Each structure stands twice: as C-alpha cells, then as structure tokens.
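Presented below is the structure to which this report refers.
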Amino acid sequence: MEPLHSVTKKNDRIAKALNKKNYKPKIDSQCKYTIVSRGQADAFIRLLTDRYYIEKIWDDAAGFLIATDAGAVVSDAEGMLGNKGILCASSSYHCQIIDAIKELQLNQ
C-alpha cells in the first residue's frame with residue numbers, strides 16, 4: 001500500500017462508527033474494487049492523505065466499471081464524482097459511509 005494513497009486510521013474510525021471490522025488487505029486497488037463487486041467486502045475507502053493529492057482517474061477506470069456493473073456505487077469520499085478520495089461500496093452501505101465521513105469530519 002502506498003502511504004500517500006490512504007490513511008488507514010481514518011478507515012478504522014469509519015468502521016468503528018458503523019460497527020464493522022476494518023480489514024487492510026495489502027493488494028492493488030483494482031483487486032479491492034473486485035472484492036466489493038463480488039460481495040466479499042462492503043466497501044473500499046481511500047480518503048485523502050493531504051489536500052494537494054489528486055487521484056489519477058485512469059488508475060481507477062477499470063475498477064470503477066467492474067464495480068458499477070456489479071451494482072456497487074463508486075464516488076469520491078463526499079459522494080460525488082469529484083476528486084476527494086475514493087469510495088466503492090455496496091449500495092446498502094454507500095450512504096452510511098458518506099454520512100460517517102461527514103460526521104467524523106474525515107475528508108478535510
């Protein structure tokens with residue numbers, strides 16, 4: 001995992017707020033999209049590490065297509081198709097995770 005890509009302590013806080021376990025597999029992001037797509041995980045969350053970091057959307061295009069085709073919802077961490085992190089989640093958890101991110105003020 002690239003340290004510039006994610007802050008796992010923030011993911012721990014989200015998981016705790018939602019009464020979930022936070023697994024931290026050391027695999028490529030494309031694989032994480034696939035795990036959500038297959039129903040083996042509720043979400044893949046990558047929050048901003050600093051306000052200047054910009055996601056390279058081409059790095060996530062394939063995962064986005066696979067996940068959305070399988071019924072997952074993919075957005076940035078604010079629930080939009082912007083560039084403020086990544087949230088790929090089952091449709092049943094996507095809004096709950098966005099609400100937790102906002103409530104915990106984690107995407108600032």
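Values quoted throughout were computed directly from the atomic coordinates according to the rules given, and no laboratory measurement underlies them. On a predicted model such as this, the values are computed, not experimentally measured, just so you know. Note that we place each Cβ from the backbone using ideal geometry, even for glycine, and neighbour counts take in every protein chain shown.
Points worth noting:
- Residues CYS95, CYS88 arranged by fewest to most Cβ contacts within 10 Å: CYS95, CYS88
- Counted charge near ALA41, where neighbours are those whose Cβ lies closer than 13 Å (Asp, Glu -1; Lys, Arg +1): +4
- Cross-link reach is defined here as a Cα-Cα straight distance under 17 Å, omitting same-chain residues fewer than 8 places apart; for LYS10 the aspartates and glutamates meeting it are GLU2, ASP42, ASP50, ASP76, GLU78, ASP99, GLU103.
- In terms of its Cα atoms, the chain spans 30, 30, 26 Å along the principal axes, sorted from long to short.
- Percent of C-alpha pairs per 10 Å bin, segment 58-108, short to long: 27, 55, 18, 0
- Here the relative contact order of segment 39-101, from alpha carbon pairs under 8 Å that lie six or more residues apart, stands at 39 percent.
- Length-normalised contact order for the chain - Cα pairs under 8 Å, 6+ apart - percent: 29 percent
- For the peptides 71-84, 13-26, 35-48, residues were scored by their other Cβ atoms within 10 Å and the scores averaged per peptide; the highest-first order is 35-48, 71-84, 13-26.
- MRE, 222 nm, helices only [DSSP H, n ≥ 4, -39500 (n - 2.57), over the chain, to nearest 500]: -10500 deg cm²/dmol
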